[in-house]
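Right, one structure below, let's go through it.
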Amino acid sequence: MGNTVYRKGDYNIIDDRTGFKIKASRAQVEWTGFFVDAKHMDYRNPQDYIKGRNDVQKVPIPRPEQPDKFTEDE
């Protein structure tokens, strides 16, 4: 693993996703707030940033409903 090797200015942390011990220099903060190894980084989906738009649902030329016309067979 290489996590027990001494590196000046570096320290060990626990990966929030896997639970393994990693060096802090390899850790990154995810959009969820977790500290994870750069290999296990989960990026946010770009469609999370899309905003919906209101669309106009009016009829362009409104007309009243015509009365029903029935034919009588006599």
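Condition first: out of contact with any strand residue (DSSP E or B) (no Cβ under 6 Å at 6 or more places or on another chain), aliphatic (A, V, I, L, M), surrounded by 11 or more Cβ atoms within 10 Å (Cβ to Cβ) and modelled with pLDDT of 90 or more. Can you find one or more residues in segment 41-63 that meet it? No, because not a single residue in segment 41-63 is out of contact with any strand residue (DSSP E or B) (no Cβ under 6 Å at 6 or more places or on another chain), aliphatic (A, V, I, L, M), surrounded by 11 or more Cβ atoms within 10 Å (Cβ to Cβ) and modelled with pLDDT of 90 or more. Taken over segment 29-52, residues that are assigned to a helix (DSSP H, G or I) and out of contact with any Asp or Glu (no Cβ under 9 Å at 6 or more places or on another chain) amount to 6. If you go through segment 1-34 and pick out every residue that is over 26 Å from the mean Cα position of the chain (by Cα) and among the acidic types (Asp, Glu), you end up with 1.
In segment 7-28, which residue that is hydrophobic (A, V, I, L, M, F, W, C) and not in a loop (DSSP other than H, G, I, E, B) is nearest to residue 40 (Cα to Cα)? Result: 27. Per the conditions (1) at pLDDT below 90; (2) within 30 Å of residue 16 (Cβ to Cβ), the sole criterion not satisfied by residue 66 is (2).
Pairs meeting the criteria (first residue in segment 7-25 and among the polar types (S, T, N, Q), second residue part of a strand (DSSP E or B), beta carbons under 9 Å, at least 6 apart or on different chains) are 12/21; 12/22; 12/23; 18/36; 18/37.
The values are calculated or read from the model by the stated rules, or taken from the named source; none is laboratory data. Computed from a prediction, not measured in an experiment: that's the story for all the values here. All Cβ positions, even for glycine, are placed from backbone atoms using ideal geometry, and neighbour counts span all protein chains on display.
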